[in-house]
Amino acid sequence: MRFRVTSITYEDEAKLVMAPLCKIEDWLNAAMADGEFGGGLDSLMIVVICYYIDEAGEISKLPKPSRLSKYKHPMTGEEQRCLTLHVSVEDKALLRVEPENMVNYLSQLIVDKLPERPLRIPKGLDYSRLRTAMQKCIGAFAEVR
């Protein structure tokens, strides 16, 4: 299984989170890509989504906590199944984090906010075991200071 970690943020936050998220993605793939968590899934994507709260106290629109989708691989043409997990954070919270602490902050955010159970799970996938393994793997970054 291939892991992807990315974000949907505003420009200011994007500059802060891109390199740390790449580091977390590389670590996940190195540590867990050959793990066996059941079938039915080719890739798992974690998306850190930045939201804002306006003057009226309204939160900008947030997506559902997860999404299961299919796409055709651009090189092979084979159908690929991807489970996307969304982790939300307020824009002001990200801007308060010092750049040297961003990997730790994002790691802890992902560990704390990974969905307990996605809306749709591929048949045969042991999501509970996968979630626990991801939390332990990413949690190592949260503990390093």
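The values are calculated or read from the model by the stated rules, or taken from the named source; none is laboratory data. Just so it is clear, the structure is predicted and the values come from calculations on it, not from any experiment. All Cβ positions, even for glycine, are placed from backbone atoms using ideal geometry, and neighbour counts span all protein chains on display.
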Taking Ile110, is it part of a loop (DSSP other than H, G, I, E, B) and among the β-branched types (Val, Ile, Thr)? no
The condition of being over 17 Å from Thr132 (Cα atoms), surrounded by 14 or more Cβ atoms within 10 Å (Cβ to Cβ) and touching a residue at least 24 places away in the same chain (Cβ under 8 Å) holds, among Pro20, Pro115, only for Pro20
Go over the candidates Leu44, Leu16, Leu21, Leu83 one by one and state the one that is of a type outside the set (Ser, Thr, Tyr) and touching a Phe, Trp or Tyr at 6+ places or on another chain (Cβ under 6 Å). Leu44
In the set Ile121, Ile138, which member is modelled with pLDDT under 95, more than 19 Å from Val48 (Cβ to Cβ), buried (at least 17 other Cβ atoms within 10 Å of the Cβ) and of a type in the set (Val, Ile, Thr)? Ile121
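Which members of region 37-55 meet the condition of being touching an Asp or Glu at 6+ places or on another chain (Cβ under 7 Å) and not β-branched (Val, Ile, Thr)?
Looking only at region 37-55, we keep the residues that are touching an Asp or Glu at 6+ places or on another chain (Cβ under 7 Å), and these are 37-38, 50-53.
Selection gives Phe37, Gly38, Cys50, Tyr51, Tyr52.
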